[in-house]
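All remarks here apply to the structure that follows.
The values are calculated or read from the model by the stated rules, or taken from the named source; none is laboratory data. Since we're looking at a predicted model, the values are computed, not measured. Neighbour counts run over all protein chains shown; Cβ positions are idealised from the backbone, glycine included.
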Amino acid sequence: MQIKSLETFIKVVELKSFTRAAKELYLSQPAISMQMKALEEELKVELFRRRKDKKLELTSAGHILHSEAREILGNYQRLMDRLQDFATLNMGHLLVGASTIPGEYVLPALLGKFLAANPGLRVSLRVAPSAAVLKMLREREISLAVCGARLPGPDLHYLTWIKDEIVFIVPPRHPAADKGVISLEELLNQPLVLGEAGSGTREFVAQALAAKGLNLADLQVIMEAGSSRAVVTAVANNTGSGFVSYLAAREADKLGEVGVVTVTGLELIRNLYITHLKNDRLSATVQAFIRFLLDHHAASISGR
């Protein structure tokens, strides 16, 4: 059984489609089908069945393989990481996961500098809400996470990295846009656009509200958005107001597309964290990247 076949199998399961898996893996659909047919013949079981609505679903054997394949690939990646320690850093593959703010606004530039210093290195960056990224870390789909939320778990080791300012943004013609300030009482009556459940920004805002005896249920949430960029766009189009990192709002603020407002009494400075599994042996590449991030934190602090 080849590792590549297991990787393809997991991608097909994840996307629920041979065609979408082929597109993401830059292969033809027949090539994906042939790989899966060969895998079924090797294992002597049927892994997939098509329902009457033509949707792909796993058989019982497929479910078993999917569960075990993740662990096999995790073990394989750890083996490769350990063997990599005997090679040069420039031959490695760095698997990083990040929540939206560090993943879209901070890490790309830093990864560019890290790659310039290590030209043979290959990097994969996966961006998702904090909860999803930490799930990837626990399932060993990535080796390192950079997130805006510190979720509980004895298996996770957090390194405090940089500060990130969360701001309240309003449409440009909102009455508070000129004043630059809004009270907590006024906040409760605002139609709001929030990030989806699991996002670090949403979790942080919930904690800040809890410190004032409030919770998200007290707010007038009219829309949930899948990214900070979507929140900014919705606010700019007068859908409502919302909370985002200033990194996400900076360009729209400078262009006058949104107003940045202080919420009286609400402390909205958070930490971003570098996170890895506590008991895992970190590869030389991961250790080098952590040192690089810690050395380059000063230029990455979010704020006005």
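Counting residues in the range 114-122 that are assigned to a helix (DSSP H, G or I), touching a Ser or Thr at 6+ places or on another chain (Cβ under 7 Å) and more than 23 Å from L247 (Cα to Cα) gives zero.
Checked against the criterion of being in the same structural domain as I169 (by TED's automatic domain parsing), more than 18 Å from A206 (Cβ to Cβ) and outside any loop (DSSP other than H, G, I, E, B), the range 239-246 contains one or more residues that satisfy it. Looking across the range 248-260, the residues that are under 23 Å from I162 (Cα atoms) and surrounded by 23 or more Cβ atoms within 10 Å (Cβ to Cβ) come down to A248, A249. Residues of the range 26-68 that are aliphatic (A, V, I, L, M) and outside any helix (DSSP H, G or I): L27, V45, L47, L56, L58. Sub-8 Å Cβ pairs linking a first residue in the range 190-209 that is assigned by TED's automatic domain parsing to the domain that holds K135 and without any contact (Cβ under 8 Å) to a residue 40 or more places away in the chain to a second residue that is among the small types (G, A, S) and surrounded by fewer than 21 Cβ atoms within 10 Å (Cβ to Cβ), at least 6 apart or interchain, number zero. Within the range 138-171, the only residue that satisfies the criterion of being out of contact with any strand residue (DSSP E or B) (no Cβ under 9 Å at 6 or more places or on another chain) and among the charged types (D, E, K, R) is E139.
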